[in-house]
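I have placed the structure first, in the form of structure tokens, so that the comments after it can refer back to it.
The values are calculated or read from the model by the stated rules, or taken from the named source; none is laboratory data. Quick caveat: nothing in here was measured; it's all calculated off a predicted structure. With ideal geometry, Cβ positions are generated from the backbone for all residues, glycine too; neighbour counts draw on all protein chains shown. Remember, those area values only see protein heavy atoms, side chains included, never the ligands or the DNA or RNA. Shrake-Rupley method; radii C 1.70, N 1.55, O 1.52, S 1.80 Å.
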Amino acid sequence: MVPGVFFARPNRFIAQVEIGGTVETVHVKNTGRCRELLIPGTKVWCRFCDDPKRKTKYDLIAVWKGTRLINMDSQAPNAAAREWLASGGLGKIENLKAETVHGDSRFDFSFTKDGKPCFLEVKGVTLETDGVCAFPDAPTERGAKHLRGLKQAAREGFGAYVLFVIQMADVKYLRPNDATDPAFGAALREAAAEGVQVLAVDCLVTEREMRIQNAAAVRL
């Protein structure tokens, strides 16, 4: 991991970052908007990748927002959630598997808890204002589809969970971002009403790691 300074984001996949006095083209591991994070002059952390097959030598992993370090690697929430589940985050579970299909949905994880088959979908959260976090930061029909799939699974008697992994520490609560995507907010409330468990956790974030830390409140 190396420090840098963000300058520009020509498209969703790359950014211009000054690293060691040289402006490098780096891969952005998050296709979301992240406009409130990626502001010219912002300090960031990038991971060096020594792979001759790659077009870029670095991945943009984390960004400073004031005194708050926020991980923006879209793959990190699933990795952190798997560690959290395996270490007892939801209590004792068995048969933990990734990428499980049920009906017309593919969920991030499946497992058995108290003898009941369960499905869990992970959503990474980077949008924050004064400690209040919101999801999503851009309209996501895919996200609403996952919620409808979880709602159907709950109706069929399965355990159903959606876990919002907030990629930063010390937050107040999480809420659906109705201003940006009212359909997702409606789907989340409907899912909760049908028995889908809506959970949120914050994370300890450093330049070298991100791991789930504390439960966070959810306000629907």
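Computed quantities for the displayed model
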item: Some residue of region 131-140 being outside any helix (DSSP H, G or I), free of Cβ contacts under 8 Å to residues at least 12 places away in the same chain and not charged (D, E, K, R); result: no
item: Selection count, region 190-201, where residues are without any contact (Cβ under 8 Å) to a residue 40 or more places away in the chain and either surrounded by fewer than 16 Cβ atoms within 10 Å (Cβ to Cβ) or closer than 16 Å to Ala79 by Cβ (or both); result: 1
item: Matching option when the condition is closer than 18 Å to Leu199 by Cβ and not hydrophobic (A, V, I, L, M, F, W, C), among Lys29, Lys116; result: Lys116
item: Residue list for region 87-101, restricted to those being of a type outside the set (Lys, Arg) and either open to solvent by 70 Å² or more (accessible area, probe 1.4 Å) or closer than 18 Å to Ala192 by Cα (or both); result: Ser87, Leu90, Glu94, Asn95, Glu99, Val101
item: Residues (within 21 Å of Asp108 (Cα to Cα) and open to solvent by less than 40 Å² (accessible area, probe 1.4 Å)) located in region 169-189; result: Leu174, Pro176, Phe184, Gly185, Ala187, Leu188
item: Flag if Val122 is surrounded by 20 or more Cβ atoms within 10 Å (Cβ to Cβ), touching a Pro at 6+ places or on another chain (Cβ under 7 Å) and of a type outside the set (Phe, Trp, Tyr); result: yes
item: Number of the exception - Ile14 against (1) β-branched (Val, Ile, Thr); (2) touching a His at 6+ places or on another chain (Cβ under 7 Å); (3) open to solvent by 50 Å² or more (accessible area, probe 1.4 Å); result: (3)
item: Condition check for Ile70: open to solvent by 10 Å² or more (accessible area, probe 1.4 Å), touching a residue at least 24 places away in the same chain (Cβ under 8 Å), of a type in the set (Val, Ile, Thr) and over 25 Å from Ala187 (Cβ atoms); result: no
item: Yes/no for Arg148 being buried (at least 16 other Cβ atoms within 10 Å of the Cβ), over 22 Å from Lys29 (Cβ atoms) and under 15 Å from the mean Cα position of the chain (by Cα); result: no
item: Conditions (1) crowded, with 17+ Cβ neighbours inside 10 Å; (2) touching a helix residue (DSSP H, G or I) at 6+ places or on another chain (Cβ under 8 Å); (3) over 22 Å from Gly32 (Cα atoms); (4) in contact (Cβ under 8 Å) with a residue 40 or more places away in the chain; number of the one not met by Asp104; result: (1)
item: Residues that are open to solvent by 20 Å² or more (accessible area, probe 1.4 Å) and closer than 18 Å to Thr206 by Cβ, drawn from region 43-57; result: Lys43, Trp45, Arg47, Phe48
item: Odd one out for Lys116 among (1) in contact with a strand residue (DSSP E or B) (Cβ under 6 Å, 6 or more places away or on another chain); (2) open to solvent by 30 Å² or more (accessible area, probe 1.4 Å); (3) within 29 Å of Thr206 (Cα to Cα); result: (3)
item: Residue, most open to solvent (accessible area, probe 1.4 Å), within region 202-211, restricted to residues that are in a loop (DSSP other than H, G, I, E, B) and in contact (Cβ under 8 Å) with a residue 60 or more places away in the chain; result: Arg208
item: Count of residues meeting criterion [in a loop (DSSP other than H, G, I, E, B) and either in contact with a Phe, Trp or Tyr (Cβ under 6 Å, 6 or more places away or on another chain) or surrounded by 13 or more Cβ atoms within 10 Å (Cβ to Cβ) (or both)] in region 22-38; result: 8
